[in-house]
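The next block holds one structure in the form of structure tokens; read it before the comments.
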Amino acid sequence: MKAKANGQQHLIELGRHIVADSRICGGQPTFKGTRIMVWLILEQLEDGLSWQEIVREWEGRVSDAAIAEAISIAPLVIKHEPFKGFHVGARRKPARRPAALAA
């Protein structure tokens, strides 16, 4: 994963074919160079479309390799939600203060 920050905008490369950019589709994961959201492809797969049907429907803008990558990150994709990161639920414990400073 590569992250690039430009002021307020953030681009996170989730793989070779998928990015999450706060300026595009509200930060939802999309396929590079398109506004095709990953959840749309996952929904099409769930509805029973074959990979070839999906590639044909999107006129080749989504490749077989991109579909495979979408499947691999499926647990990270939430419909209509921006990408929040890999460790969204993880919380850091507050730093312990040494006993000498606590008094």
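The values are calculated or read from the model by the stated rules, or taken from the named source; none is laboratory data. Quantities reported herein were computed from a predicted structural model and do not represent experimental measurements. Please note: Cβ atoms are built from the backbone with ideal geometry, for glycine as well, and neighbour counts cover all protein chains shown.
Numerical summary
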read-out: Pair list, Cβ < 8 Å and 6+ apart or interchain, from region 14-31 residues that are without any contact (Cβ under 8 Å) to a residue 12 or more places away in the chain to residues that are surrounded by fewer than 22 Cβ atoms within 10 Å (Cβ to Cβ); value: Ile24/Arg35
read-out: Exclusive hit being modelled with pLDDT under 85, outside any loop (DSSP other than H, G, I, E, B) and among the charged types (D, E, K, R), set Lys84, Lys4, Lys93; value: Lys4
read-out: Hits in region 15-58 (condition: aliphatic (A, V, I, L, M), modelled with pLDDT of 95 or more and assigned to a loop (DSSP other than H, G, I, E, B)); value: Ile36, Leu49
read-out: Lone unmet requirement of (1) surrounded by 12 or more Cβ atoms within 10 Å (Cβ to Cβ); (2) over 11 Å from the mean Cα position of the chain (by Cα); (3) within 15 Å of Val19 (Cβ to Cβ) for Ala65; value: (1)
